[in-house]
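Below is one structure, written out as structure tokens; comments come after it.
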Amino acid sequence: MNLSMKDKIIKRFLEAKDEPISGQQLADDLGISRTAIWKHLQNLQEEGYEFITIKKKGYKLIAVPDRVDAAKISSYLKTKRFGHTIHYFEEIDSTQRLAHQLARDGAKDGTIIIAEEQTGGKGRMQRTWYSAKGKGIWMTVIVRPDLLPHQAPQLTLIAAVSIVMAMKSLYTNFTPEIKWPNDILINGKKCVGILTEMLAEMDRVDGLLIGIGINANHEQTDFPDELQEIATSVAIEEKQKVDRAQLVAEILSYLERYTDEYIENGFKSIKQLWVEHSCTIGKRIRASTIREVIEGQAIGITDEGVLEILLDNGQIKKVYSADIEIQNQ
Amino acid sequence: MFKVQELREIIKLVDSSSLDEFLYEVDGAKIKLKKNQGVVTEVVAPKVQTVVQQAQPQVQAQPKEEVKVEEVKPQAESAAPAASTSEAKPVNLDDPTLHKITSPMVGTFYAAPSPDSPPYVKVGDKVEPDTIVCIVEAMKLFNEIEAEVKGEIVEVLVKNEQLVEFGQPLFLVKPTE
């Protein structure tokens with residue numbers, strides 16, 4: 001895991017839970033002097049970490065700023081590869097843009113870019129994505145799977161399944177549902193958006209940049225007027241503030257597991273999970289593209305993740321790209 | 001009553017089998033499939049309609065009514081090289097001196113980054129190997145396609161928002177080196 005000295009120190013404290021750690025022990029473990037440790041702790045206090053000194057035992061961490069930084073995420077991490085390199089920012093224009101650059105420079109499989117705030121977050125077709133400061137999870141996961149380009153679109157559905165499973169394992173007060181292909185809704189309102197970009201040649205995927213935006217700790221008043229009726233957050237639905245770093249780590253666990261499962265055994269088992277958690281299949285829907293509007297019954301997805309719509313005239317139409325509206329909730 | 005998913009499965013199985021005709025009856029619901037040139041399916045709903053599970057799609061077939069099920073394959077509008085004389089101008093697909101930029105996957109072709117933007121490239125534009133010429137998207141996976149060669153765009157073979165097939169030529173480029 002690539003952590004800075006500062007992050008290593010925080011991680012040690014987070015993992016120690018309530019146990020105090022002596023300065024000498026920290027210095028020995030991390031291979032730096034006690035003076036250096038002391039300086040790091042001073043700096044951390046300025047960033048909002050609070051330590052108390054317990055006589056003859058050492059330091060104890062008693063308050064952690066509400067951030068999704070590398071130390072905090074890695075203290076929860078149980079993965080083999082994903083999240084082992086974390087690029088964390090207080091503010092960034094777009095995690096996706098930096099991911100492009102890092103991927104071209106050879107970033108490892110599972111590298112993540114995460115920020116407290118995005119000033120230029122983007123959605124489909126250059127629509128803007130509202131990324132409030134300190135409230136959400138705004139991140140890009142760089143995945144470099146051994147796949148052919150035409151096998152890559154399924155990964156966007158796998159990302160949605162991973163987030164749903166992570167939410168189900170951590171929270172109990174709501175049921176997340178997937179709207180084709182990979183929006184996540186709670187009680188019919190959007191909570192998660194995923195946009196994936198692929199770097200590929202004809203016969204090889206260089207990298208997939210899975211951009212994930214999660215409304216995590218937003219209160220209803222945090223959303224702009226135009227999103228009031230259509231957006232929600234994990235905290236609103238769970239009825240309490242959530243630990244964003246813990247959710248990130250849980251998502252990375254599932255994403256790593258299901259990506260590997262897909263590469264080894266194909267889409268079948270994950271497709272099953274997708275269908276089970278879908279709020280699209282079985283519903284009457286309207287699928288809009290710029291060219292046309294298709295209405296009918298969503299009857300399933302193919303092994304490629306393509307949506308199948310049964311039209312009123314009995315034809316079955318395959319849809320690769322569209323905005324979906326569910327008509328009978 | 002059959003669930004739509006079950007119907008789909010049955011149709012798929014019969015479709016890919018060597019059977020010409022298939023009859024299946026369970027709990028008063030009956031499905032009869034016949035294969036001709038196309039796939040014509042007859043669904044006879046039971047007289048007494050049983051309650052289907054909530055949230056399951058219903059095939060509201062009236063008794064004796066025929067429901068046509070037809071697989072609509074994604075229509076790539078100018079997929080076959082031979083048939084792609086769409087704009088009534090000569091197509092140089094067979095010209096070995098021209099480089100073809102092809103689609104690495106099935107998906108929607110976008111000539112521009114957004115509906116309001118100008119296209120990435122147009123005929124006559126000079127491109128470098130890493131110039132982005134279009135996006136192909138499926139299931140919200142966006143793939144920026146690069147020119148791969150240095151040269152000049154001589155033809156755009158597909159229309160904006162058209163569905164393209166794997167390996168389908170999208171642009172012809174006249175290499176300059």
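Read-outs throughout are calculated quantities, based only on the coordinates presented, and are distinct from any laboratory measurement. Since the structure is predicted, the reported quantities are computational estimates derived from the model, not experimental observations. Neighbour counts are summed over all protein chains in view; Cβ atoms, including those assigned to glycine, are modelled from backbone coordinates with ideal geometry.
Things to note:
- Dipole magnitude for region A:70-276: computed about the Cα centre from +1 point charges on Lys and Arg Cβ and -1 point charges on Asp and Glu Cβ, it is near 260 debye.
- Derived scalar couplings between HN and Hα for region A:185-193 equal 10, 10, 6, x, 10, 6, 10, 9, x Hz in order, rounded to whole Hz, by the Karplus curve 6.51 cos²θ - 1.76 cosθ + 1.60 (θ = phi - 60°), x for Gly and Pro.
- By other beta-carbon atoms within 10 Å, ranking B:102, A:280, A:302 with the fewest at the front produces A:302, B:102, A:280.
- Shielding by partners - mean other protein chain Cβ count within 10 Å, residues of A:310-321: 6
- Environment charge at residue A:20 (Cβ cut-off 9 Å; Lys +1, Arg +1, Asp -1, Glu -1): 0
- Relative contact order for chain A, counting Cα pairs under 8 Å that sit 6 or more residues apart, in percent: 14
- For region A:227-237, backbone phi angles converted through the Karplus equation (6.51, -1.76, 1.60; θ = phi - 60°) give residue-by-residue couplings of 9, 3, 7, 10, 10, 9, 10, 4, 5, 4, 6 Hz, Gly and Pro being listed as x.
- Only helices enter this figure: runs of n ≥ 4 DSSP H residues, each worth -39500 (n - 2.57), summed and divided by the residues of the protein assembly as shown, yield -7000 deg cm²/dmol at 222 nm to the nearest 500.
- Here the Gaussian network model covers chain A, with springs between Cα atoms less than 10 Å apart; of A:316, A:142, A:114, A:316 fluctuates the most.
- Here the protein assembly as shown is assigned +1 on the Cβ of each Lys and Arg and -1 on the Cβ of each Asp and Glu. Its dipole about the Cα centre then comes out at about 1420 debye.
- Against the main long axis of the alpha-carbon atoms of chain A, helix A:34-47 sits at an angle near 50°.
- About its Cα centre, the dipole of region A:69-156 is roughly 280 debye, where the only charges are +1 on Lys and Arg Cβ and -1 on Asp and Glu Cβ.
- Projecting the Cα atoms of A:54, B:11, A:24 onto the charge dipole of the protein assembly as shown, computed from C-beta unit charges around the Cα centre, puts A:54 farthest toward the positive end.
- Those GluC sites (Glu not before Pro) in region A:237-329 that DSSP places in a loop and that have at most 16 other beta carbons within 10 Å: A:292
- Mean separation of Cα contacts under 8 Å (6+ apart) over length of region A:142-272, as relative contact order %: 29
- Cα gyration tensor category, rounded, prolate or oblate, for the protein assembly as shown with a/c compared to 1.5: oblate
- Relative contact order %, region B:87-177, counting alpha carbon pairs below 8 Å whose residues are six or more apart: 37
- Applying both filters, DSSP loop and at most 16 other Cβ atoms within 10 Å, to the GluC sites (Glu not before Pro) of region A:175-235 gives A:219, A:229.
- Neighbour-count order for A:38, A:274, fewest beta carbons within 10 angstrom listed first: A:38, A:274
- Residues of type lysines that residue A:135 reaches as a straight line, Cα spacing below 18 Å, ignoring anything fewer than 8 places off in the same chain: A:72, A:122, A:189, A:190, A:239, A:241
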